[in-house]
Amino acid sequence: MREKNHDHKECISIFRKLSEYIDGELDEKAYEEMRTHINECMKCEVCLETLRRTADLCRGMKTREIPDRLRERLKSMVHGPSNP
């Protein structure tokens, strides 16, 4: 059940660990604490679902080779023309 007067101070901590939560990299206690919070916090639930959908979209993307000319332009923009 969602709380109307939910304290969102924990949300930042939850947000930082969402990837670990999705990937099953948390210990059981941390996982259960996050699951409880997410079940009570609609904003964190939305963040979790958004991250899951984004990860699914990225996994489904095909990789494509970047043309040499574009690669060189991007390098130049990042490093400057004199730094390879």
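I'd like the full set of residues that are polar (S, T, N, Q) and either touching a strand residue (DSSP E or B) at 6+ places or on another chain (Cβ under 6 Å) or surrounded by 11 or more Cβ atoms within 10 Å (Cβ to Cβ) (or both), limited to segment 20-67.
Quick first cut of segment 20-67, residues polar (S, T, N, Q) only: 36, 39, 50, 54, 63.
Scanning segment 20-67 gives Asn39, Thr50.
I need the full set of residues from segment 29-63 which are closer than 14 Å to Ser13 by Cα and of a type in the set (Gly, Ala, Ser), in order please.
Scanning segment 29-63 gives a single hit, Ala30.
Which ones in segment 9-19 are within 18 Å of the chain's Cα centre (by Cα) and exposed (fewer than 15 other Cβ atoms within 10 Å of the Cβ)? Working first, answer last.
From segment 9-19, those within 18 Å of the chain's Cα centre (by Cα) are 10-19; that's our starting set.
Listed by number, the residues that qualify are Ile12, Ser13, Phe15, Arg16, Ser19.
Throughout, read-outs are computed from the coordinates displayed, never taken from laboratory work. Note that the structure is predicted; figures quoted are calculated from it, not measured. As a convention, Cβ positions derive from the backbone with ideal geometry for all residues, glycine included, and neighbour counts pool all protein chains shown.
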